[in-house]
1. Considering the stretch 20-31 alone, what residues qualify as being surrounded by fewer than 20 Cβ atoms within 10 Å (Cβ to Cβ) and under 14 Å from the mean Cα position of the chain (by Cα)?
2. From the list 110, 63, 46, which one is free of Cβ contacts under 8 Å to residues at least 60 places away in the same chain and in a helix (DSSP H, G or I)?
3. When residues of the stretch 41-68 are filtered for being closer than 17 Å to residue 108 by Cβ and in contact with a Ser or Thr (Cβ under 7 Å, 6 or more places away or on another chain), how many remain?
4. Quick check on residue 83: is it among the aliphatic types (A, V, I, L, M) and over 25 Å from residue 114 (Cβ atoms)?
5. So is residue 35 in contact (Cβ under 8 Å) with a residue 40 or more places away in the chain, surrounded by 20 or more Cβ atoms within 10 Å (Cβ to Cβ), under 14 Å from the mean Cα position of the chain (by Cα) and within 19 Å of residue 85 (Cα to Cα) or not?
6. Please list, ordered by first then second residue, the pairs with beta carbon atoms under 8 Å, 6 or more apart or interchain, first in the stretch 84-105 and within 19 Å of residue 9 (Cα to Cα), second charged (D, E, K, R) and surrounded by 15 or more Cβ atoms within 10 Å (Cβ to Cβ).
7. Just give me the residues in the stretch 91-136 being at pLDDT 95 or above and in contact with a Phe, Trp or Tyr (Cβ under 8 Å, 6 or more places away or on another chain), in sequence order.
8. Has the stretch 49-56 got any residue that is assigned to a loop (DSSP other than H, G, I, E, B), touching a Lys or Arg at 6+ places or on another chain (Cβ under 8 Å) and surrounded by 15 or more Cβ atoms within 10 Å (Cβ to Cβ)?
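The values are calculated or read from the model by the stated rules, or taken from the named source; none is laboratory data. Every value quoted in this text rests on a predicted model; they were computed, and no experiment measured them. For neighbour counting, all protein chains shown are included, and Cβ atoms are generated from backbone atoms with ideal geometry for every residue, glycine included.
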Amino acid sequence: MANTYTSLHYHIVFSTKNRELWIKPDVEQRIWAYLGGIAKQNKMKPLQIGGIEDHIHLLLGAPTVLAPAKIAQLIKGGSSAWIQETFPRMKGFGWQNGYGAFTVSRSKVPSVIYCTRFESIHVLPRKKCITSARARYRIHSRAARASPDEELPRGISRIAQAAWNRI
């Protein structure tokens, strides 16, 4: 009998509605854990979940039957109502309509985990974190269609440059 082997890793990024600062440090660990639970219930393997006040990063191992659009739908749809019900101050919470989804080769999984952990420990001022997150989004988008040897445009932060070098 033939065997099938797949190694599908997705880095999925989405923000809070209007990039509002909903995800405060006092609730983020519970939210990350809940998102991980949704992933597990749907036969995904959460490798890293993190982010800052206005967006999240999920690095997930996924089965072949789940497309990135379905993954985003399951995670966002399954968590939005729970967040509103669980945290009284977050009654108006919602996720943005879109998302970013990027495939990650098995050899680059540790780099994505590192970058996500670095951002989620809040070591940078908020403005730099957001700039860095936006730059990383552009970097990931660009990496999907460009060579890693390519130079980044002027103005990209050193953190984003380091992330680019790890891609």
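1. 28
2. 110
3. 4
4. yes
5. yes
6. What qualifies is 99/76.
7. 93, 95
8. Yes: one or more hits.
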